[in-house]
1. Under the 0.36 nm per residue contour assumption, what length would be gained going from the current alpha-carbon distance of SER46 and LEU109 to full extension?
2. At a Förster radius of 25 Å, what calculated FRET efficiency corresponds to the Cβ-Cβ distance of ASN65 and ILE99, to the nearest 0.05?
3. Near SER40, within a Cβ-to-Cβ distance under 10 Å, what is the net charge of the other residues, with Lys and Arg +1 and Asp and Glu -1?
4. Expected output is a single nm value to one decimal: the length gained when fully extending between MET38 and VAL56, i.e. 0.36 nm times separation in residues minus the C-alpha distance. What is it?
Amino acid sequence: MTANKKKPNEEIIKMPVDPEEEEVFQWVASDECLGSWMPSKNASVSEKTKYQFSQVITRYLVKNNLSETEMAQRLDLDKNATARLLRGYTENFSLDSLIAYVDKLHLPLQVKITEERKLAGQHL
């Protein structure tokens, strides 16, 4: 008896996919589809701060049941810039512009600056 061997790249289960679903799958696999980004624990203060601003804006979108298009209009940004901002890709945004976006949304803003002290390699 010969064992059935699966060929490389051969699907185990084949499911019919309608053209609309296939278009979505192709988009998700493309470079146009953004996942979300989060700063590493070694990220700079600026990167972490900008990420926090993007999260505040994203929470506003969710809380107010807005689409990305509606958010883009409120922030006066194009669709791609808005998508990147909402997914945490803030490298092309300045802190000033992020503060301005939060202001446009009339969100309360409080910036807290703390001094980190180190003693013999320990955080206090």
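1. 21.0 nm
2. Values: r = 24 Å, r/R0 = 0.98.
Taking R0 as 25 Å, the efficiency between ASN65 and ILE99 is 0.55.
3. Every neighbour counted, the sum reads +1.
4. Details: separation 18, 0.36 × 18 = 6.48 nm, distance 1.37 nm.
Taking MET38 through VAL56 to full extension adds about 5.1 nm, to one decimal.
All of the numbers you see were taken from the coordinates with simple rules; none came from a lab. Not measured: the values here are computed from a predicted model. Note that we place each Cβ from the backbone using ideal geometry, even for glycine, and neighbour counts take in every protein chain shown.
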